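Nothing in this text is a laboratory measurement; each read-out follows from the coordinates by a stated rule. Model, not experiment: these values are computed from the prediction. Note that we place each Cβ from the backbone using ideal geometry, even for glycine, and neighbour counts take in every protein chain shown.
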Amino acid sequence: MMLKEKPDVIFFTGDLVNNQASEMKDYIGIFDKLKAPLGVFSVTGNHDYGDYHQWSSQDEKRKNFRNLMAAHKEMNYRLLMNEHHLLRQGSDTIAIIGNENWGGRGFSKYGKLAQAYQGAEDAPVKLLLSHDPSHWDAQVREEFPDIDVMFSGHTHGFQFGIQLGDFRWSPSQYAYKQWAGLYQEGNQYLYVNRGFGYLGYPGRIGMPPEITVMELQRTH
């Protein structure tokens, strides 16, 4: 479905696994088929660090994270670890800014947006990949008002919800102000993808997996 859209660029916004990098061994041969002429860019989510698994040592935990990063590389995903990449075509430039997980509500804060942003200041269009949508209100909008669009995931829409016409409801909305879809404040936008996998209950009710297709249009 993704490849039929013929995307120019693909974003993956974190949580490649639930706990251990070894979970990817059955899926690398699927997800490495995602390709785009301008690249596939990814960031880490809160589950990618192994923080919720009981490790025998810190060395084992660090090795797991190295294996997680290696999985991104094996799939030819450009993993942005508090850094940015400039897409250039002719005289046009778009900055892809990748932040490590920066979570609200007690989740880990590995992200260093100021570091990722440094060097991208002059790019006329700035797109941020940051896993947790809470990051948008907590830091992005106030400190980085020139970041045009932030792309997130994290909530899964709690894997449960109802959508009838313009009405939508999910328990996720009681935990997250922005939990699914497109949001706008002033000239800034946030898109929260409902995700592809699951956590805990192996299924979804009224909250199907999502592939988001966005088209950027020149306004001036």
>> Could you work out the relative contact order of the chain? I mean the mean sequence separation of Cα pairs under 8 Å and 6+ apart, divided by the number of residues, in percent.
In response: 15 percent
>> Please enumerate, by chain and number, the lysines with C-alpha under 28 Å from the C-alpha of Lys177, excluding those fewer than 8 residues away in the same chain.
In response: Lys109, Lys112, Lys126
> Sorted by average packing, counted as other Cβ atoms within 10 angstrom per residue and highest first, what order do 185-194, 85-94 take?
Replying inline: 185-194, 85-94
> If packing is taken as the mean number of other Cβ atoms within 10 Å per residue, what is the order of 47-55, 208-216, 20-28, highest first?
Replying inline: 47-55, 20-28, 208-216
> Taking the DSSP beta bridges in region 21-150 as the whole, what percent of them are antiparallel, to the nearest 5?
Replying inline: 45 percent
> Which three extents, in whole angstrom, do the alpha-carbon atoms of region 6-119 cover along their principal axes, largest first?
Replying inline: 52, 34, 23
> Over the Cα atoms of region 101-206, what is the Rg over Rh ratio if Rh follows Kirkwood?
Replying inline: 1.00
> Given a cut-off of under 8 Å on Cα pairs at least six residues apart, what relative contact order in percent is computed for region 129-202?
Replying inline: 35 percent
> Could you state the per residue volume, in Å³, of the convex hull enclosing the Cα atoms of the chain?
Replying inline: 144 Å³
>> What whole-number distance in Å separates the alpha-carbon centres of region 182-209 and region 95-150?
In response: 18 Å
> Residue by residue, what Karplus-based ³J(HN,Hα) values in Hz, rounded to whole numbers, does region 8-16 have, using 6.51, -1.76 and 1.60 with θ = phi - 60° and x for Gly and Pro?
Replying inline: 6, 8, 10, 10, 10, 9, x, 6, 5
>> Restricting to bridges with both residues inside the chain, how much of the DSSP beta-bridge set is antiparallel, in percent to the nearest 5?
In response: 45 percent
> Which order do peptides 97-109, 63-75, 122-134, 165-177 fall in by mean Cβ count within 10 Å, highest first?
Replying inline: 122-134, 97-109, 63-75, 165-177
